[in-house]
Amino acid sequence: MNSKVFMVVRILLGLFVLFFGLNKFFHFLEFGEMSAEAGAYFGALSSVKLITLVAIIEIVAGLAFIFNKYGALLALILMSISVNAVLFHAMLAPEGIGGAVVLIVLNILVLYGYKDKYKDLLS
């Protein structure tokens, strides 16, 4: 991948996850009503403070991508959050799947951009 294209994708992903990570603390973007199943799932995650952990990971990952420090590691960690977001929206809240698809596509592109960092890991 071209280094300038990778830089743009990396920074876009960084801003994206930083925004949504901060939103979990400051609630500057309100989402619509959830179905009962989605609300129960989200409530269970919130009750054990897992949403707080996800928010912290998103903020750290966003800063890592923006400042290009430890991005390869955080891209791997963020992939679990990306897959979970897509599955949550596909199964419980399909009306909001657009953002989750953008997240996973950007995450895959960033993983591909860091592919040289993973060669030793995969050999």
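The values are calculated or read from the model by the stated rules, or taken from the named source; none is laboratory data. These figures come from a predicted structure and were not determined experimentally. Every residue, glycine as well, gets a Cβ built from its backbone with ideal geometry; the counts of neighbours run over all protein chains shown. Heavy atoms of the whole protein, side chains included, go into the accessibility calculation; ligands, DNA and RNA do not. Shrake-Rupley method; radii C 1.70, N 1.55, O 1.52, S 1.80 Å.
Could you tell me whether Leu111 is surrounded by 15 or more Cβ atoms within 10 Å (Cβ to Cβ) and in contact (Cβ under 8 Å) with a residue 40 or more places away in the chain?
Criteria not met by Leu111.
What pairs come out if I take residues in the stretch 61-73 that are more than 16 Å from Phe16 (Cβ to Cβ) and pair them with residues that are hydroxyl-bearing (Ser, Thr, Tyr) and open to solvent by 10 Å² or more (accessible area, probe 1.4 Å) whose C-beta lies under 6 Å away, six or more apart or interchain?
The qualifying pairs are Ala72/Tyr114.
With the requirement that a residue be surrounded by fewer than 16 Cβ atoms within 10 Å (Cβ to Cβ) and either touching a Lys or Arg at 6+ places or on another chain (Cβ under 9 Å) or of a type in the set (Phe, Trp, Tyr) (or both), what does the stretch 7-38 give you?
Phe19, Phe25, Phe26, Phe28, Phe31
Is it the case that the stretch 84-106 has a residue that's open to solvent by less than 40 Å² (accessible area, probe 1.4 Å), more than 30 Å from Lys4 (Cβ to Cβ), in contact (Cβ under 8 Å) with a residue 24 or more places away in the chain and part of a loop (DSSP other than H, G, I, E, B)?
Yes - at least one qualifying residue is present in the stretch 84-106.
For the stretch 99-123, give me the residue count where each residue is farther than 16 Å from Leu18 by Cα and under 13 Å from the mean Cα position of the chain (by Cα).
So the answer is 5.
Residue under question is Val48, and the condition is that it be open to solvent by 70 Å² or more (accessible area, probe 1.4 Å), at pLDDT below 95, more than 25 Å from Leu121 (Cβ to Cβ) and among the aliphatic types (A, V, I, L, M); does it hold?
yes
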